[in-house]
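Asks: My questions all concern the structure below.
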């Protein structure tokens, strides 16, 4: 049967082109791979090759013709034993309908939205009433979380710089090498891009890696592997495989280490579908969330803070204490204003709430704990009560986690607001070294107090 | 091209030759069809064809055992067909349909098959190299004796993360074969214009990784080199590098103006070195009749046409698919 040769699309965006030159003539025999014609697209002149073999029976579009639409028949190829007389001239303009790419069938506005439906806030307590508590630092809580999960599951292992023999640059992995040995607690060379890729590959291969970044500043070297390889593979594979793993380490400013070692990445990672993001403040949340993160079948970015490592908190004395993702914690109930924060931002939020209480302002303080998924239900529920909101974080303002929260409140609780939401953030500058400048570059408790007074018109 | 040939064993059976012929021909015809469907607008975006490089994957798959893993870049159709993935599922992914390996959500560059131990299909040049070392890390951790074939091109061989992976793979003796498919052009930049040294296989030497140069137009030479590399890895000696010199007949992607090399260069390679023609010659010499080969050609043509039909008939993914597979509820089970 004669085969129509159609005007090809030679780039992702080409809709028409110029048939610049025929390199075959009627009666020529061609085989697969022979160059038939030169076609000019908007980008370049390209050679167009034959796919089938046969004899050129008829040339339908003369060389030099401009604006030939993609899929227009430009020539007819004859099989053995056929002659040009056998050619049935087809429509000439349009290609057969069934051979065409389908039209997108619905406008975007009609697409189903897995839009975050606003659920009622989950206010159940994190541990049963009467649970015994013990004092622990965040550092100890993180270590215990890893040790417990490594005991529970032989596929969990830890890799990173100085995690084994040095016992952790910040001593988070202290004692783990002794208990689990060098097979499961692995010192890497200082090559974040490479070892992160290896860990993602190991997760594809069935392990559950914990990657420690000495600090998240160095994870910028590896961010392609975190986002393009770890976060997107489940989707790109149609659900066949993903990367069950944890990327953890110190995030944000420490003290006097300058611009390259002081960045808060919360807003960056929070943007990525496929990643989960936790940023705990207390030791109990550090422990409960890290255990949940290690068990999670998805890649989790777990943002810690060097300044909080040594701080002690009450931690429930339970064999297996976990905290679910997407459930905020209300640290302080109040009626006048909602202060929303997470990670080290909670320090400023709680300090400000204490001082505000002295001035007769009763603040509710919410610790988000995880940024993706984010418990917007708890924020909205609180704002509907207090009618005012201030967000607190150390990261930069454009855009911040707070700016996202503001937009959620504006869209979901606009009529409840008695004042615009204020975002207290770090200043829009690289971190300076000088002690006085550094203190000023971060968010301050005074700024939070001032913001609360502004939204409460006090 | 000046290629030191790895001596091919002469005791290859006719059946083996026939299977190489068949597998290479399937890739060639499949890719020609993909090119055609692209021209018709049925395949969109980027489409990187493997035509000319068929002997590389077919030779190495012949050296692999069940359970061994493979991972590659975006020029991945050949690898998928060679490891036994269904041509229908691959073609339907190219057309973005529900019947595709990734339900139409991955496209030409992002396909996977847990069942066939094919770990993608990666679109970022060089990123699959540490990932492949990581797959080997998992195998070593599990002590399962498996080997990972990690494919990348001469262009990717200049990426920094490749050398980070070389270092750790050697340090930890990971069972990974780094396969450099040197088709001599990084997109449109010839090797000598992008790469400081000619012998890429020697770039593992400072890390203590042995490497060799292989004639990638000769499937038997590739198979022999693959056997050697696999044995090295399975013996626990760590990684191995194969620089397989090959040639891509088509452009880097479909929108390649081909101004960086002459038509004569391509034509010469096709006429004198074609991997399929070489095996065809051997088969005819071994007195396999033209009829037998025609029968195979016909069978392949049918498979490829059926895959094209399937890829047109399979519906587009349901709009609900937009929102699925972003997060897993549970860890997918390993297939062994």
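Here, each number is a calculation from the coordinates, and none is a lab measurement. As the structure is a computational prediction, the values presented were derived from the model and not from experiment.
Asks: Angle, helix A:192-204 long axis vs. longest principal axis of chain A, Cα atoms, 0 to 90°, nearest 10?
Replies: 80
Asks: For segment A:6-56, state the semi-axes of the equivalent ellipsoid (square roots of 5 times the eigenvalues of the alpha-carbon gyration tensor), sorted largest first and rounded to whole angstrom.
Replies: 21, 11, 8
Asks: Another one. For a distance above 28 Å, tell me the whole-number percent of Cα pairs in chain A that qualify.
Replies: 61
Asks: Can you give the translational diffusion coefficient of segment B:138-294 in µm²/s, computed by Stokes-Einstein from the Kirkwood radius over Cα pairs at 20 °C and 1.002 mPa s?
Replies: The Stokes-Einstein estimate is 124 µm²/s.
Asks: Kindly state, as a whole number, the per residue volume in cubic angstrom of the convex hull around the alpha carbon atoms of the protein assembly as shown.
Replies: 175
Asks: Oh, and also: Please state the relative contact order of segment B:58-144 as a whole percent: Cα pairs under 8 Å, 6+ residues apart?
Replies: This gives 29 percent for segment B:58-144.
Asks: For a quick size check, give me the Cα extents of segment A:3-91 along its three principal axes, largest first, whole Å.
Replies: 39, 27, 21
Asks: Also: Give the relative contact order (percent, whole number) for segment B:140-198; include only Cα pairs under 8 Å separated by 6+ residues.
Replies: Relative contact order comes out at 43 percent.
Asks: Still on this structure, please answer the following. Over the alpha-carbon set of segment A:133-316, divide Rg by the Kirkwood Rh and report the Rg/Rh ratio to two decimals.
Replies: Over the Cα atoms of segment A:133-316, Rg/Rh equals 0.94.
Asks: Now for a different question. When only Cα pairs under 8 Å and 6 or more residues apart are kept, what is the percent relative contact order across segment A:335-420?
Replies: Across segment A:335-420, relative contact order equals 37 percent.
Asks: How large is the Kirkwood hydrodynamic radius of segment A:329-455, in angstrom, based on all distinct alpha carbon pairs?
Replies: Evaluated over segment A:329-455, this radius sits at 14.4 Å.
Asks: Between segment B:105-145 and segment A:247-307, what is the C-alpha centre distance in whole Å?
Replies: Using only Cα atoms, the two centres lie 27 Å from each other.
Asks: So, one more: Where does chain B land at 222 nm, in deg cm²/dmol rounded to the nearest 500, when only DSSP H runs of n ≥ 4 count, each adding -39500 (n - 2.57), divided by all residues?
Replies: -13500 deg cm²/dmol
Asks: Sort largest first and round to whole Å: the equivalent ellipsoid semi-axes of segment B:66-176, each the square root of five times a Cα gyration tensor eigenvalue.
Replies: Taking √(5λ) for each eigenvalue gives 25, 17, 9 Å, largest first.
Asks: What percent of all Cα-Cα pairs in segment B:182-261 falls into each 10 Å bin, going from 0 up to the bin containing the maximum distance?
Replies: 17, 39, 31, 12, 1
Asks: Also, quick follow-up: Which whole-percent values make up P(r) of segment A:345-409 when all C-alpha to C-alpha distances are grouped in 5 Å steps starting at zero?
Replies: 4, 15, 26, 27, 19, 8, 2
Asks: Once both axes come from the Cα atoms, what is the angle between helix A:283-295 and the longest principal axis of chain A, in degrees from 0 to 90, rounded to 10?
Replies: Between helix and principal axis, roughly 30 degrees.
Asks: May I ask you to give the average projected area over all directions of the convex hull of the Cα atoms of segment B:249-299, in nm² rounded to one decimal?
Replies: Orientation-averaged projected area of the Cα hull: 4.8 nm².
Asks: Where the centroid of each part is defined by its Cα atoms, how far is segment B:185-224 from segment A:388-453 in Å?
Replies: Distance between centres, Cα-based: 54 Å.
Asks: Using the alpha-carbon atoms, what tilt in degrees (0 to 90, nearest 10) does helix A:376-386 show relative to the longest principal axis of chain A?
Replies: Around 50 degrees separate the two axes.
Asks: Further question: Give me the distance between the Cα centres of segment B:5-69 and segment A:27-83, rounded to whole Å.
Replies: Using only Cα atoms, the two centres lie 26 Å from each other.
Asks: If you don't mind, there's one more thing I want to ask. Which whole number of Å³ per residue matches the convex hull of the alpha-carbon atoms in chain B?
Replies: Normalising the Cα hull of chain B by residue number yields 136 Å³.
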